[in-house]
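The values are calculated or read from the model by the stated rules, or taken from the named source; none is laboratory data. As the structure is a prediction and not an experimental result, all values here were calculated from the model. With ideal geometry, Cβ positions are generated from the backbone for all residues, glycine too; neighbour counts draw on all protein chains shown.
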């Protein structure tokens, strides 16, 4: 995308919304502007792309989180991002089997970031650093192992 877009999601961000915002800024729209609305608001701001809001294109579908929807819609084919999507899935959606050790810790950290941030915008900034670090650590693990994540 050549120009900055406005993106809208519910306020009180958590693991999926923080991850989606990081993904959007890192791989889709580096100059993205984020708007936050109450979960009780039914209308969305005109001209803004909604994510992690029930019933929209970039939300939970077929048991997967919104992070997964962004990967699919924007054709981001990176095994590290797919692993992060599994981690977010496990923390944010009901799973029959728990396989990702990082899921609970990432969820707790994201909740803590939300609770200690003065605004949702600040929570996205702080959380972005966590996702950047997670991506780097998972990539280093792959490089050290010499294989797939």
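So for the stretch 62-73 (the condition being on the phi > 0 side of the Ramachandran plot, surrounded by fewer than 17 Cβ atoms within 10 Å (Cβ to Cβ), touching a residue at least 40 places away in the same chain (Cβ under 8 Å) and assigned to a loop (DSSP other than H, G, I, E, B)), does at least one residue qualify?
no
Check every one of the strands (runs of 3 or more DSSP E) wholly within the stretch 1-56 and list those with 2 or more residues that are without any contact (Cβ under 8 Å) to a residue 40 or more places away in the chain, at positive phi and touching a helix residue (DSSP H, G or I) at 6+ places or on another chain (Cβ under 9 Å).
Hits in the stretch 1-56: none.
So is residue 37 buried (at least 17 other Cβ atoms within 10 Å of the Cβ), at pLDDT 95 or above and under 22 Å from residue 102 (Cα atoms) or not?
No.
On the given criteria, is residue 20 surrounded by 22 or more Cβ atoms within 10 Å (Cβ to Cβ) and over 21 Å from residue 122 (Cβ atoms)?
Judged against the criteria, residue 20 is not a match.
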